[in-house]
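Novice: Next up is a structure, given as structure tokens.
The values are calculated or read from the model by the stated rules, or taken from the named source; none is laboratory data. Predicted model only: the values in this text are computed from it and were never measured. Counting neighbours? That spans all protein chains shown, and the Cβs are built from the backbone with ideal geometry, glycine included.
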Amino acid sequence: MAAEWWRDAVFYEIYVRSFADSDGDGLGDLPGVRSRLPYLRELGVDAIWLTPFYPTPDADHGYDVADYVDVDLRFGTLADFDALLADAHALGLRVIVDIVPNHTSIAHPWFRERPEYYVWSDEVPNNWPSVFGGPAWSLDERTGRYYLHLFAPEQPDLDWHNEAVWHEFERILRFWLDRGVDGFRIDVAHGLFKDPELRDEREPFPVTAFSSDWRSAVDQPEVHPLYRSWRRLADTYDGDRVLVGEVVFSDPKRIAQYVRRDELQLAFNFTLLFAPWDAETIRRAIDGTLSALSDVGATATWVFENHDVPRLPTRFGGGADGLRRARAALLLLLALPGAAFVYAGQELGLEEGELDDADRQDPILARTGGARKGRDGCRIPFPWSVEGPGFGFTTAAPWLPMPASFGVLSSASQEADSASTLALCRAALRIRRELGGALQWVEIGPGALAFTRASVTCAVNVDGEPFELPDGEVVLASEPLSDNRLPAGAAAWLR
Ligand code: GLC
């Protein structure tokens, strides 16, 4: 296997319960993913990232893990996992799995049998809030003590100052590495160690912000020796296994600390995901990222969408304008130097689905008394075919209702249309293989972005006047072009 394959890989995020249902229970599962691998191969991604499929009581859809070394029966079995991995490898696709080390499920046997693995206090010791609303401390009725949970009360935080926790996770990582996974996505990677003095956070808390910038209790120095040890472990395996951290800060310099040479290979960089559709902001995000990461010799990553934020067409204004901008953003994403993450459905231009509160399942809705709707809208299952209500995702009722608009957006209807977002994404992934080298900006004018990498130029008209494209043959355009001019909300690649 090629060394450092992850440096320019395209990772495809699969929210397992929303991708493909093989057994007609309305929930996606591992055999479902396996049956769709040829689609991903055809799409042209390099690797898939599977969100948690471990046994879980589902307080946070699998990010509350009750057993780190098994598969939840609703998602399949370990044998199904092995079969999926073998098929993926046979197709040349790598597979990374999601590891959730910040917290377990309250149903994990450790919570009762190994209470010393968790963070306890006789009284509520500080003002820390939960990301999902309410305080980060809950009373455990059995012991009469309070335990820490940065997320839901059903997700107690582990105490990483306890070395036994290190050993447990080493065993867990080995379990999956021995099975042949190509690496891990590390959930809440910046959060594992908390301020040992449990000091108050500064109020008011902007808990609605996706970024942890405001939290001073996380991002503790002790996390770095841990990642060095994980990196050493990963490096004892062949095949260049990769560690990708979910490090949620808006300043790339803070992210860079996690990807120094002997730590994680990659960390999510959410600067584009935080950016509005504005040329100056996007350019600053790109420059800031590239300079911070090159300082430590690391590769940049780029993300516009994931299972925690509203879909891009919706964020960029919705309707035809939102979709146009999301298509342009896809060409930008896939032209940037480094690794790119595409969230399942992004290649279809899926929009955020409208949902009734009664159908919503994200704990954020109830925990905030309805003030925040939660993340269900971007987790609606993937439409494979034109006919609802299951749109080829399931023969049963899908776990979240799928909107009628998903029919025309389905992969089947886009297959048949050479101007579709799916066709655009496929073509971009094919041509991307020719891209190489550093990014050189080409100055165009206000509202526009353009850069060259080797023989390919990517031009994006974010919100400026239509402009004349630079010299070269247009190999891909997100919109039909007239007179070689690029309208606002469009992007093109030239050779
Ligand atoms: C990460 C996940 C998110 C989850 C949280 C708690 O941010 O992406 O979905 O709710 O961690 O595990």
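Novice: Is it fair to say Phe451 is within 21 Å of Ala279 (Cβ to Cβ) and in contact with a Lys or Arg (Cβ under 7 Å, 6 or more places away or on another chain)? I'd like the intermediate steps shown before the answer.
Specialist: Working: within 21 Å of Ala279 (Cβ to Cβ): yes; in contact with a Lys or Arg (Cβ under 7 Å, 6 or more places away or on another chain): no.
When the stated conditions are applied, Phe451 does not pass them.
Novice: A further question on this structure: Which condition number does Thr51 fail, the rest of (1) without any contact (Cβ under 8 Å) to a residue 60 or more places away in the chain; (2) within 16 Å of the ligand (Cβ to nearest atom) being met?
Specialist: In the conditions (1) without any contact (Cβ under 8 Å) to a residue 60 or more places away in the chain; (2) within 16 Å of the ligand (Cβ to nearest atom), Thr51 misses (1) alone.
Novice: Among the numbered criteria (1) in contact with a helix residue (DSSP H, G or I) (Cβ under 9 Å, 6 or more places away or on another chain); (2) in the same structural domain as Glu42 (by TED's automatic domain parsing); (3) hydroxyl-bearing (Ser, Thr, Tyr), which one does Tyr117 miss?
Specialist: (2)
Each row is one residue, and each column tells you yes or no for (1) in the same structural domain as Asp182 (by TED's automatic domain parsing); (2) out of contact with any Phe, Trp or Tyr (no Cβ under 9 Å at 6 or more places or on another chain); (3) more than 20 Å from Gln440 (Cβ to Cβ).
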| position | (1), (2), (3) |
| --- | --- |
| Phe268 | yes, no, yes |
| Phe274 | yes, no, yes |
| Ala279 | yes, yes, no |
| Ala285 | yes, no, no |
| Gly288 | yes, yes, no |
| Ala292 | yes, yes, no |
| Asn306 | yes, no, yes |
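Novice: Condition (residue is more than 16 Å from the ligand (Cβ to nearest atom) and either under 30 Å from Gly369 (Cα atoms) or at pLDDT 95 or above (or both)) applied to the stretch 149-159: is it met by at least one residue?
Specialist: To start, the set of residues in the stretch 149-159 that are more than 16 Å from the ligand (Cβ to nearest atom) comprises 159.
Still in the list and also either under 30 Å from Gly369 (Cα atoms) or at pLDDT 95 or above (or both): 159.
Yes, the conditions are met somewhere in the stretch 149-159.
Novice: So, one more: Can you name every residue in the stretch 453-468 that is surrounded by fewer than 20 Cβ atoms within 10 Å (Cβ to Cβ) and either β-branched (Val, Ile, Thr) or without any contact (Cβ under 8 Å) to a residue 40 or more places away in the chain (or both)? Spell out the reasoning first.
Specialist: Of the stretch 453-468, the ones surrounded by fewer than 20 Cβ atoms within 10 Å (Cβ to Cβ) are 453-455, 463-468.
Hits for the stretch 453-468 are Ala454, Glu465, Pro466, Phe467, Glu468.
Novice: Another question about this same structure. How many of the residues in the stretch 112-128 are hydrophobic (A, V, I, L, M, F, W, C) and either more than 16 Å from the ligand (Cβ to nearest atom) or over 22 Å from Asp60 (Cα atoms) (or both)?
Specialist: So the first thing to find is which residues in the stretch 112-128 are hydrophobic (A, V, I, L, M, F, W, C), and the list is 119-120, 124, 128.
This time we only want the ones that are either more than 16 Å from the ligand (Cβ to nearest atom) or over 22 Å from Asp60 (Cα atoms) (or both), so: 120, 124.
So the answer is 2.
Novice: Further question: Could you please find all residues in the stretch 129-146 being touching a strand residue (DSSP E or B) at 6+ places or on another chain (Cβ under 7 Å), among the aromatic types (Phe, Trp, Tyr) and within 16 Å of the ligand (Cβ to nearest atom)?
Specialist: Just the residues of the stretch 129-146 that are touching a strand residue (DSSP E or B) at 6+ places or on another chain (Cβ under 7 Å), to begin with: 129, 135-140, 145-146.
Next, only the ones that are among the aromatic types (Phe, Trp, Tyr) stay: 137, 146.
Scanning the stretch 129-146 gives no hits.
Novice: Same structure again: Please verify whether the stretch 406-415 includes one or more residues that are assigned to a loop (DSSP other than H, G, I, E, B), over 21 Å from the mean Cα position of the chain (by Cα), in the same structural domain as Leu332 (by TED's automatic domain parsing) and without any contact (Cβ under 8 Å) to a residue 60 or more places away in the chain.
Specialist: Filtering the stretch 406-415 for residues assigned to a loop (DSSP other than H, G, I, E, B) gives 410.
Then keep just the ones that are over 21 Å from the mean Cα position of the chain (by Cα); that gives 410.
Within this subset, residues satisfying the condition of being in the same structural domain as Leu332 (by TED's automatic domain parsing) are 410.
Among the residues that remain, those that are also without any contact (Cβ under 8 Å) to a residue 60 or more places away in the chain are: none.
No - not one qualifying residue is present in the stretch 406-415.
Novice: Please give the number of the condition Ile444 fails out of (1) farther than 20 Å from Arg315 by Cα; (2) part of a loop (DSSP other than H, G, I, E, B); (3) assigned by TED's automatic domain parsing to the domain that holds Val33.
Specialist: Condition not satisfied by Ile444: (3).
Novice: Looking only at residues in the stretch 412-438 that are of a type in the set (S, T, N, Q) and out of contact with any helix residue (DSSP H, G or I) (no Cβ under 6 Å at 6 or more places or on another chain), which one is surrounded by the most Cβ atoms within 10 Å (Cβ to Cβ)? Break it down into steps so the answer makes sense when it comes.
Specialist: The initial filter retains those residues of the stretch 412-438 that are of a type in the set (S, T, N, Q), namely 413-414, 418, 420-421.
Those left that are additionally out of contact with any helix residue (DSSP H, G or I) (no Cβ under 6 Å at 6 or more places or on another chain): 413, 418.
Numbers: Ser413: 17, Ser418: 10.
Step by step, filter the stretch 412-438, then rank; the result is Ser413.
Novice: Quickly run through the stretch 472-492 and pick out the residues that are farther than 16 Å from Ala326 by Cβ, touching a Ser or Thr at 6+ places or on another chain (Cβ under 7 Å) and buried (at least 20 other Cβ atoms within 10 Å of the Cβ). Explain how you work it out, then say what you get.
Specialist: So the first thing to find is which residues in the stretch 472-492 are farther than 16 Å from Ala326 by Cβ, and the list is 472-475, 480-486.
Still in the running and touching a Ser or Thr at 6+ places or on another chain (Cβ under 7 Å): 472.
Selection gives nothing.
Novice: Please pick out the residue among Asp60, Asp46, Asp98 that is at pLDDT 95 or above and away from the ligand (no atom under 16 Å from the Cβ).
Specialist: Working: Asp60 fails: away from the ligand (no atom under 16 Å from the Cβ); Asp98 fails: away from the ligand (no atom under 16 Å from the Cβ).
Selected residue: Asp46, the only one of Asp60, Asp46, Asp98 that is at pLDDT 95 or above and away from the ligand (no atom under 16 Å from the Cβ).
Novice: State whether one or more residues within the stretch 350-367 are among the β-branched types (Val, Ile, Thr) and free of Cβ contacts under 8 Å to residues at least 40 places away in the same chain.
Specialist: Scanning the stretch 350-367 turns up no residue that is among the β-branched types (Val, Ile, Thr) and free of Cβ contacts under 8 Å to residues at least 40 places away in the same chain.
Novice: Further, regarding this structure: When the stretch 194-246 is examined, which residues are found to be among the aliphatic types (A, V, I, L, M), touching a Gly at 6+ places or on another chain (Cβ under 9 Å) and within 15 Å of the ligand (Cβ to nearest atom)?
Specialist: Narrowing the stretch 194-246 to residues among the aliphatic types (A, V, I, L, M): 198, 207, 209, 217-218, 223, 226, 233-234, 242-244.
Narrowing the set further to residues that are touching a Gly at 6+ places or on another chain (Cβ under 9 Å) leaves 207, 217-218, 223, 234, 242-244.
Residues satisfying the conditions are Val207, Val218, Val244.
Novice: OK, next. I'm told Gly388 meets every condition in (1) modelled with pLDDT of 95 or more; (2) over 27 Å from Phe210 (Cβ atoms) except one. Can you identify the failing condition by its number?
Specialist: Result: Gly388 fails condition (1) only.
Novice: If Phe391 satisfies all but one of (1) over 30 Å from Leu290 (Cβ atoms); (2) in contact with a Ser or Thr (Cβ under 6 Å, 6 or more places away or on another chain); (3) surrounded by fewer than 17 Cβ atoms within 10 Å (Cβ to Cβ), what's the number of the condition it fails?
Specialist: Every condition holds for Phe391 apart from (3).
Novice: Also, quick follow-up: Do you know which residues across the stretch 371-383 are surrounded by fewer than 19 Cβ atoms within 10 Å (Cβ to Cβ) and touching a helix residue (DSSP H, G or I) at 6+ places or on another chain (Cβ under 7 Å)? Explain how you work it out, then say what you get.
Specialist: We begin by selecting, within the stretch 371-383, every residue surrounded by fewer than 19 Cβ atoms within 10 Å (Cβ to Cβ); these are 371-373.
Matches in the stretch 371-383: Arg372, Lys373.
Novice: Something else: Hey, which of the helices (runs of 4 or more DSSP H) in the stretch 249-363, taking only ones fully inside, have at least 1 residues that are within 20 Å of the chain's Cα centre (by Cα) and hydroxyl-bearing (Ser, Thr, Tyr)? Spell out the reasoning first.
Specialist: Numbers: elements: 252-256, 271-274, 279-295, 312-315, 319-335.
Passing ranges, in order: 271-274, 279-295, 312-315.
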